[in-house]
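Trainee: So that we are looking at the same thing, I have put the structure below in structure tokens.
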Amino acid sequence: MTAEEFIKHVRKYAQDHYENSGWDEVVEAWDDLDIIEYYDRAGGNDKKAFNALARMVKIRRDYAEDIRNA
């Protein structure tokens with residue numbers, strides 16, 4: 001998967017999962033550079049990059065939930 005394809009994949013996944021686990025933030029606030037950072041860090045390994053990105057989305061959502069529930 002190329003970098004451009006990775007961005008499209010992430011954007012589609014985020015849109016399809018908008019209501020789940022913080023993906024709305026990716027749709028509304030992340031730009032392509034935010035996404036491609038994960039791809040670059042993973043050396044172009046799209047599965048590794050997506051897993052790292054998904055973990056960060058979950059961490060950020062959990063943190064926001066903690067703030068809302070405090």
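Throughout, read-outs are computed from the coordinates displayed, never taken from laboratory work. Since this is a predicted model, take the numbers as computed values, not measurements. So basically every Cβ, Gly included, is an ideal-geometry build from the backbone, and we count neighbours across all protein chains shown.
Trainee: In degrees, nearest 10, range 0 to 90: what is the angle between the Cα axis of helix 3-16 and the longest Cα principal axis of the chain?
Mentor: On a 0 to 90 degree scale, this one is about 30.
Trainee: Which chymotrypsin sites (Phe, Trp or Tyr not before Pro) from the chain combine a DSSP loop assignment with at most 15 other Cβ atoms within 10 Å?
Mentor: Listed in order of number, the matching sites are Tyr18.
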